[in-house]
1. Any residue that is surrounded by 16 or more Cβ atoms within 10 Å (Cβ to Cβ) and not in a helix (DSSP H, G or I) - is there at least one of those in the stretch 206-221?
2. Can you tell me which condition residue 254 does not meet? The list is (1) in contact with a helix residue (DSSP H, G or I) (Cβ under 8 Å, 6 or more places away or on another chain); (2) in a loop (DSSP other than H, G, I, E, B), and all the others hold.
3. Name the one entry in 201, 178 that is surrounded by 20 or more Cβ atoms within 10 Å (Cβ to Cβ), touching a strand residue (DSSP E or B) at 6+ places or on another chain (Cβ under 8 Å), outside any helix (DSSP H, G or I) and at negative phi.
4. Can you confirm whether the stretch 204-211 contains a residue that is more than 29 Å from the chain's Cα centre (by Cα) and in contact (Cβ under 8 Å) with a residue 60 or more places away in the chain?
5. Quick check on my filter: what residues within the stretch 567-583 are part of a helix (DSSP H, G or I) and crowded, with 19+ Cβ neighbours inside 10 Å?
6. Residue 269 fails exactly one of the following numbered conditions: (1) out of contact with any strand residue (DSSP E or B) (no Cβ under 9 Å at 6 or more places or on another chain); (2) under 23 Å from residue 156 (Cα atoms); (3) not in a loop (DSSP other than H, G, I, E, B). What is the number of that condition?
7. Any idea which of (1) under 22 Å from the mean Cα position of the chain (by Cα); (2) at pLDDT 90 or above; (3) farther than 14 Å from residue 112 by Cβ; (4) surrounded by 15 or more Cβ atoms within 10 Å (Cβ to Cβ) is the one residue 272 doesn't satisfy?
8. Applying the selection to the stretch 302-352, what residues are outside the structural domain of residue 263 (by TED's automatic domain parsing), over 30 Å from residue 666 (Cα atoms) and buried (at least 18 other Cβ atoms within 10 Å of the Cβ)?
């Protein structure tokens, strides 16, 4: 990017970030996700890092967000409540450490890593041990006086605790030689003078569930997330309502000189004075230990009773921390190592069209590389022409993309205010981009389809789909493409007729590798009915629908003879899917290929679905990994007991089973009020 292009982009980023930050910090709402806003800020930070001459005093990177709310008394902070630079990868964390080591080459760098709570930063002031003032962060220098509301939070002591002599001695002995023992003892024993403790006011997930349950009972709108609910609560003028909401608090720093030398000592002292601090926080000797801690918290974050979005990494040595100073409004000695975001912003540079196994043309966005959920994303499916129109997407647009769990990334929102006037409209091609045949769109359907059933792209996609359904490892897309190009395979059944010598004609194959792949194919001639139906690539038939069909009909013969009415009677199958299946099994070409496939494979019969088991009438969704069984085993058990299994959460879902590292289905279940079970609760249900 040239300097001139960067200047235009930076100006637009500043304008939009300012708007979104005002929404977030002042209005306690946000029209895009926090992850998307973080992504925009990170892009701005990187551009200003590349072109430092373009940095201005009013840039969002140079000031703390927020503004004191009208209706509350203003409070000027004794020391500014500063913002923190974000890093998203180990490489960025290493770059941060390299920068600060250059400033202090003789410094000893160990770290104190803290959970980055998703709440509201607060300042608590105690005078001679008594809580006298509580304030929000505001703009970093001036906040709002919310003392009365903070007094309702049980986690915040109204007077500082006096540690026992035994506790004082233990603390002084533990840190002997690394603190001012006289000063520390004075703080603990007398509480004389001013003590300021800063921390995070937050709402637990369980408490939010209770609040929403009450909201539902009153016929009121429920709240989407704990952070915004906590923000709205802390600014209520009715302290009784604040008390009822039961907010929580964790302390994370002390402002002033208390005779301490390290940040971990501050946390210990905060707890000894009666203010809770997060027990998961820890000292890390180096960035390797920080990275390990970051990974541990990321894996367990969904099971924690509060929202968190990363780890704050502090240089542990207080004097070194102070010497490193502040750049803009950000301390050099600390960074927020954020978790991989499920959303990010990027620019769509082109829209390409792929052809799938059913002939459907799928537009795919080609984007500037962006890190989402720990992986670099450059492409995202746009599904069909209607979806592009719904989004209002043009080539050149800035967009928000989402990737929840292992799901393929998708564009979920266009940010039209970033447009420069050079964006281009996208039009679906009139001819197949692979074979040049005309394309068509059936009335009432969204897909644009290539009319040539011999289209190479369709043949390749169909072959790959069959290979994956039969779980043949080693036969990837490049090999499949060569098999089709050289005429060794014309339809899926031909794969099972290949001999080891056939592979020797392909690029990269020798005798051993040819025999190995041949054996892999022959070992997969047997397949379950549900996987076989899925392998056929019938339009609208995914894994769960294939399982429903298999359990209803039991055998491949019964499935092939199914009437339209019989298909409509299958649980979970509607008219569109029934028509698609019926057309497939009566299509002359598909019928012939299916017969050939049945001549070379053995399809196992399926167990009929239980209709009167203890789980009959219930619908289940499983997200995350389970310890006691695989997800497939869990689904099988549910079906044996009469329950239905679905891939998506809806209001009709009875239960969502949550394992380790669940995806967005867990959050959707919470929003819809669907009952969520952990693995132990699930085990009780199926027993």
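The values are calculated or read from the model by the stated rules, or taken from the named source; none is laboratory data. These figures come from a predicted structure and were not determined experimentally. Virtual Cβ from ideal backbone geometry, glycine too; neighbours counted across all protein chains shown.
1. The answer is no, given that none of the residues of the stretch 206-221 is surrounded by 16 or more Cβ atoms within 10 Å (Cβ to Cβ) and not in a helix (DSSP H, G or I).
2. So residue 254 meets the others, but not (2).
3. Values: 178 fails: surrounded by 20 or more Cβ atoms within 10 Å (Cβ to Cβ).
Going through 201, 178 in turn, the sole match is 201.
4. Quick first cut of the stretch 204-211, residues more than 29 Å from the chain's Cα centre (by Cα) only: none.
Within the stretch 204-211, not a single residue is more than 29 Å from the chain's Cα centre (by Cα) and in contact (Cβ under 8 Å) with a residue 60 or more places away in the chain.
5. First pass over the stretch 567-583, keeping only residues part of a helix (DSSP H, G or I): 567-568, 575-583.
Passing the criteria: 567, 577, 578, 581.
6. Unmet for residue 269, out of (1) out of contact with any strand residue (DSSP E or B) (no Cβ under 9 Å at 6 or more places or on another chain); (2) under 23 Å from residue 156 (Cα atoms); (3) not in a loop (DSSP other than H, G, I, E, B): (1).
7. (1)
8. 351
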